[in-house]
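Notes to accompany the following structure.
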Amino acid sequence: MTAAVPRYVDWPAREVANWPIMTGGPQTTVGLVTTATGGSGAVAPDRAAADPWGVERLDLAAYLSRIGVVARPPSRAALDELHEAHVRTFTFDNVDVLLDQHPGVDLDAVQAKFIGRGRGGYCFEHSTLFSAVLQRLGYMVERRLGRVGDPSTAARTHCVVVVTLDGQRLLADPGFGLSLLRPIPLVDGAEDDYGGWAYCVRRRSIGDMPAWDLYRRRDDDWELMHRHDELPVHPIDLIAAHHYTSTYPQSHFRHGLMLTRHDHGRHTGLTEETVTVRRPGEPTEHRRISLAEVAELLHELQIPLTDDEQERLIKRLAEIRSAKAG
């Protein structure tokens, strides 16, 4: 018999049609159930071992309220809704890395920042939060690490989530600068064009182990975004990868602002020197901007920084611009 895998179920055991309508999701107690890939009658393991990612600590009702979605049983439609709402609600950004105030990638720190403050962050935070939400709602998930850019030189510093639903594996990528709006089947050659944003998946091999490339359509070609492998991922792996990206002197996360907001029909990317606006089917707008315009765009994009954080961020961006100018 294979080892049991814990799943967390947060909805009442009743027909969907009889669920209460509420913006914050059902106020129910978390129930722990176990499933096994072979056999039956598995006994739930020790609670600490069963919950290494601490998903029981998630305030699911507050998360659902923040993104404006009601809890539903696992389905492709419900998963797509959650993923899109998450990507549109939370920015991708490295603001706390630049401010040397990053709280870490533990679930408690992430939910205080995302759910409590409405802030965003980078992949380790997005995937930590989103995978915990999915587990609490009864989805089977795997966290995986990948390499952004050239796989032969890049470190494994991107985190994605693989969801198994009705026998199909789906790639969820809520924490990338130009994120998928909805999961894409993890099948060689799978393509998805949703809202004018097109992506495809290609299967590769690392020795005998499968690996998966995610591409996005750029003009008339496919651009590689990242490659992830199927090695098991543990909480310490995210801690180590986050430590590297947030503290290593040569990490690009420490040398420039990376902030994106995915609105309906518009994707905005902001750096310390430029703003880039993409709209499906239209030419990309890209222009240099002043620090004053950066400050204005932080407000326009509704980035909930304190006055002190914004002041320190603008000061840090001025130092970066000056260093680049020589």
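The values are calculated or read from the model by the stated rules, or taken from the named source; none is laboratory data. Given the structure is predicted, the values throughout are model-derived calculations rather than measurements. Note that each Cβ is placed from the backbone with ideal geometry, even for glycine, and that neighbours are counted across all protein chains shown.
Key figures
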| quantity | calculated |
| --- | --- |
| Residue satisfying condition, being in a loop (DSSP other than H, G, I, E, B), buried (at least 18 other Cβ atoms within 10 Å of the Cβ) and in contact (Cβ under 8 Å) with a residue 40 or more places away in the chain, within set 227, 182 | 182 |
| Selection count where residues are small (Gly, Ala, Ser) and farther than 27 Å from residue 198 by Cβ, scope region 261-305 | 3 |
| Failed criterion for residue 143 (all others in (1) over 20 Å from residue 82 (Cβ atoms); (2) within 14 Å of the chain's Cα centre (by Cα) hold) | (1) |
| Wholly enclosed helices (runs of 4 or more DSSP H) of region 35-125 bearing at least 1 residues modelled with pLDDT under 95 | 47-50 |
